[in-house]
Amino acid sequence: MTASPLIPVPIPDRVAVLIGSCMPAHVLRAEIEADTAVREVGLFRDPLCADDRADREQALSVLARANKVLAAHHPRLVIRPGSRY
């Protein structure tokens, strides 16, 4: 995780824990789910077989559910596939 998408500066683990402690647990869980789903979606490359398409759609649905929670907490927390938050 970095402090800014424009200037990649690593955040120390203690600072990340401090930031995480200020957020509700369900928002943190949604952030982890969204990050995992984005990584999984990024693994699929064309051409996709039927099983890969189904797995990709599943990951996209997990991402959509997590983004609903994140957007309800703060609209700028939404994570999109291919984005470098």
Open item on the list: Can you compute 3J(HN,Hα) from phi for each residue in the stretch 12-20, using the Karplus curve 6.51 cos²θ - 1.76 cosθ + 1.60 with θ = phi - 60°, rounded to whole Hz and x for Gly and Pro?
Closed with: x, 4, 5, 5, 4, 5, 5, 5, x
Task: Protection-proxy order for peptides 8-14, 52-58, each taking the mean of Cβ atoms within 10 Å per residue, highest first - done: 52-58, 8-14
Task: Helix-only mean residue ellipticity at 222 nm for the chain, each DSSP H run of n ≥ 4 adding -39500 (n - 2.57), per residue, nearest 500 - done: -20500 deg cm²/dmol
TODO: Please list 35-44, 70-79 highest first by mean number of surrounding beta-carbon atoms within 10 Å per residue.
DONE: 35-44, 70-79
Task: Mean Cα-pair separation over length for the chain, i.e. relative contact order, pairs under 8 Å, 6 or more apart, % - done: 31 percent
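Rule-based calculations on the coordinates, nothing more; no lab input. Worth saying up front: this structure is predicted, and the values here are computed from it rather than measured. Neighbour counts run over all protein chains shown; Cβ positions are idealised from the backbone, glycine included.
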